[in-house]
Amino acid sequence: MTRGTLLLGLVACTPGSEAPPPPPVTEAGPTAADAAAFVDRANAELLTAWRAESAAAWANATDLTDEHERAASAASAASMATLTRLIDESVPYATVVGLDDAVARQLALLRLATSLPAPRDPMRRNDLADTAARLESMYGKGKSCDASGACRDLGDLEAVLARGGSPEEQLDAWTAWHSVAPPMKPHYERLVTLANEGARDIGYADVGAMWRSGYDMPPEALVNEVDRLWADVLPLYQKLHCHARARLSAKYGPDVVPPTGPIPAHLTGNMWAQSWENLYPLLEPYPDEPSLDVTAGLRAKGVDELGMVRMAEGFFTSMGLDPLPATFYERSMFLKPEGKEVVCHASAWDVQWNDDLRIKMCIKVDHEDLVTLHHELGHNYYFHYYNSLPPLFRSGANDGFHEGVGDAVALSLTPGHLQKMGLIGEVSADDHGVVNKQMQDALAKIAFLPFGRLVDQWRWDVFAGRVGPEAYTARWWELRRELQGVAAPTPRNDVEHFDPGAKYHIPGNTPYMRYFMAHVLQFQFHEAMCRAAGHQGPLHTCSVYGSEEAGARLAAMLSRGASTPWQDTLEQLTGTRQMDARPLLNYFEPLSKYLDEQNQGRTCGW
Ligand code: X8Z
Ligand code: ZN
């Protein structure tokens, strides 16, 4: 989560709509100087509102109580009121001739400054704030309890899938977690109705149209960009799917995993089939090679959760980036606290918008979470480096950038680097070692692509009213089947189920296309940083650990925040103005060949 999405936060003061009236605009109309003064005032008011909102959201997410939820909702409602009022007040300034570029850009960003636009009507706004806070808490508190009263939370159920035991056991865990979502459905319907009203109040057709407008290009052009990138990466996904399905079918039998057709969603080692890294033991191309998984190394060296955080920070500081402030270690939540309910879904924060960096995570000592820690610190470093910009510019160049930074850095966790850190044993640089590593990466990153794409495909349909509550779950599975090639393990319907609600970002109202873009962009960032580091040789062998040149280029990008169109920011780092799948495809070249060999004679597709 990034600060830009912390729009579920709250402001524990009186609603901002009661703020003093704006200064009168003279009959001649406002000047460029008036517009600049308005933007300054808007930034100051937003900063106050957003600080209160994120403080209350943090208190709630790290200790889910009714009182915290009420406070979070109140602060969120106040922040919504402030933003709505400022958007209304900004209207006369938008058409002023001769606006400074930065002022014009901030006026445009003001209308996009939330992913949860609120209706003007105060009662309906409060209702939306309550609904959003309620959904966040419901997800965080989600548990499945049996007749004896024994309960399992998401972490427990994910661990069952990760172990990959019997299909029955996995089906049970999958079903148990999906049973948490149906009570969310009426609240989600309410959120859609109210947020759509808010979007219309500020001139967008619906919330999806508003989300698609945040990319410095016409919204239809963004859709075309996503389609273009998807078409570029789809062949690689299909190959991976084909190979994974064949191995799963061999493991579980053709009755459980039919050798043609979609993969049952509960057997991919992940609750949402969005990342298949837990299938690595089944798919490891050359099992005789030394292991690449750092889990055993972390445990053998006695590295605990805090040690993992320090390790991730150490990667950034090796590149010459600043150390994290001491308060990061004092205020973060690294572990699920005893006796409290929390939102374990990992997120990064700057709670007080003043370098008050924190993460909130229930860290496990394993490979996956070491990578996730780099992801989260990528957000924190973004917050840190754009901290001196006006609040309206304190976000990623686009939201995919924010999500891609830490992942790009984690691409440098090469076997060579991990060996130097003493986390894995000797590594072979021969083809077998390379293909093993690529399989590990692809199961996390290539497997993710269709899921990254489909979550907002679904939500765009929902916000636009093309898919109503009577078809939420049906449409969800249509898309999952069509794009991911995975199928629900049991029949699902819209009377009993609300399967999209079992994924955090739906109740959490966090836009998701950002992750699809980030999975493409991170390879572009990695390639550019490797170039800066003077790396020679194939992209997959590059680690920018210790490269201050790469660090300086990264920090320059982070420092720009959203102050320039993302195309300019991308060009500054990479030399290109487009999101481009070539670096990703180039990176996975060796695996692509391996998959072609493996899939010979198989019927691929679903
Ligand atoms: O939500 C996240 C991060 C926080 S921004 C942990 N991710 C997506 C997910 O978990 O679904 C990272 C990858 C995709
Ligand atoms: Zn993230």
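The values are calculated or read from the model by the stated rules, or taken from the named source; none is laboratory data. Please read all numbers here as calculations on a predicted model, not as lab measurements. Counting neighbours? That spans all protein chains shown, and the Cβs are built from the backbone with ideal geometry, glycine included.
Being crowded, with 24+ Cβ neighbours inside 10 Å and of a type in the set (Phe, Trp, Tyr) is the filter here, so list the residues in segment 200-214 that pass it. Once the filter is applied, which keeps residues that are crowded, with 24+ Cβ neighbours inside 10 Å and of a type in the set (Phe, Trp, Tyr), segment 200-214 yields only TRP211.
Of a type in the set (Asp, Glu), at pLDDT 95 or above and under 30 Å from GLU549 (Cβ atoms) - does that describe any residue in segment 320-335? Scanning segment 320-335 turns up at least one residue that is of a type in the set (Asp, Glu), at pLDDT 95 or above and under 30 Å from GLU549 (Cβ atoms). Checking each residue in segment 326-349 for being within 23 Å of ASN509 (Cα to Cα), outside any loop (DSSP other than H, G, I, E, B) and more than 14 Å from ligand 2 (Cβ to nearest atom) picks out only MET333.
Are any of the residues in segment 357-375 modelled with pLDDT of 95 or more, more than 20 Å from the chain's Cα centre (by Cα), buried (at least 19 other Cβ atoms within 10 Å of the Cβ) and more than 16 Å from ligand 1 (Cβ to nearest atom)? No, there is no match, as no residue in segment 357-375 is modelled with pLDDT of 95 or more, more than 20 Å from the chain's Cα centre (by Cα), buried (at least 19 other Cβ atoms within 10 Å of the Cβ) and more than 16 Å from ligand 1 (Cβ to nearest atom).
Taking segment 96-140 only, how many residues are outside any loop (DSSP other than H, G, I, E, B) and of a type in the set (Asp, Glu)?
At the first step, the residues of segment 96-140 found to be outside any loop (DSSP other than H, G, I, E, B) are 101-110, 122-140.
If we keep only those that are of a type in the set (Asp, Glu) too, we end up with 101, 127, 130, 136.
Looking only at that region, the number is 4.
The criterion of being closer than 19 Å to GLU136 by Cα and polar (S, T, N, Q) holds for SER179.
Quickly run through segment 377-412 and pick out the residues that are among the charged types (D, E, K, R), crowded, with 24+ Cβ neighbours inside 10 Å and either assigned to a helix (DSSP H, G or I) or within 11 Å of ligand 1 (Cβ to nearest atom) (or both). Quick ask: steps written out before the conclusion?
Going through segment 377-412, the residues among the charged types (D, E, K, R) turn out to be 394, 399, 403, 407.
The next check asks that each one be crowded, with 24+ Cβ neighbours inside 10 Å; those that pass are 394, 399, 403.
Residues satisfying the conditions are ASP399, GLU403.
Of all residues in segment 78-93, none satisfies being within 16 Å of ligand 1 (Cβ to nearest atom), modelled with pLDDT of 95 or more and among the small types (Gly, Ala, Ser). Note on segment 257-283: among residues that are aromatic (Phe, Trp, Tyr) and more than 16 Å from ligand 2 (Cβ to nearest atom), the one that is nearest to ASP172 (Cα to Cα) is TRP276.
Within segment 215-248, being surrounded by fewer than 21 Cβ atoms within 10 Å (Cβ to Cβ), in contact with a helix residue (DSSP H, G or I) (Cβ under 6 Å, 6 or more places away or on another chain) and among the basic types (Lys, Arg) holds for one residue alone: ARG247. Got at least one residue in segment 175-198 being without any contact (Cβ under 8 Å) to a residue 60 or more places away in the chain, under 18 Å from PHE498 (Cβ atoms), of a type in the set (Val, Ile, Thr) and assigned to a helix (DSSP H, G or I)? There is at least one residue in segment 175-198 that is without any contact (Cβ under 8 Å) to a residue 60 or more places away in the chain, under 18 Å from PHE498 (Cβ atoms), of a type in the set (Val, Ile, Thr) and assigned to a helix (DSSP H, G or I).
Here GLN438 meets each of (1) over 23 Å from MET529 (Cβ atoms); (2) surrounded by 17 or more Cβ atoms within 10 Å (Cβ to Cβ); (3) of a type in the set (S, T, N, Q); (4) away from ligand 1 (no atom under 15 Å from the Cβ) with one exception, condition (1). Has segment 105-117 got any residue that is more than 22 Å from VAL342 (Cβ to Cβ), crowded, with 24+ Cβ neighbours inside 10 Å, in contact with a Pro (Cβ under 8 Å, 6 or more places away or on another chain) and of a type outside the set (Gly, Ala, Ser)? Yes, segment 105-117 contains at least one residue that is more than 22 Å from VAL342 (Cβ to Cβ), crowded, with 24+ Cβ neighbours inside 10 Å, in contact with a Pro (Cβ under 8 Å, 6 or more places away or on another chain) and of a type outside the set (Gly, Ala, Ser).
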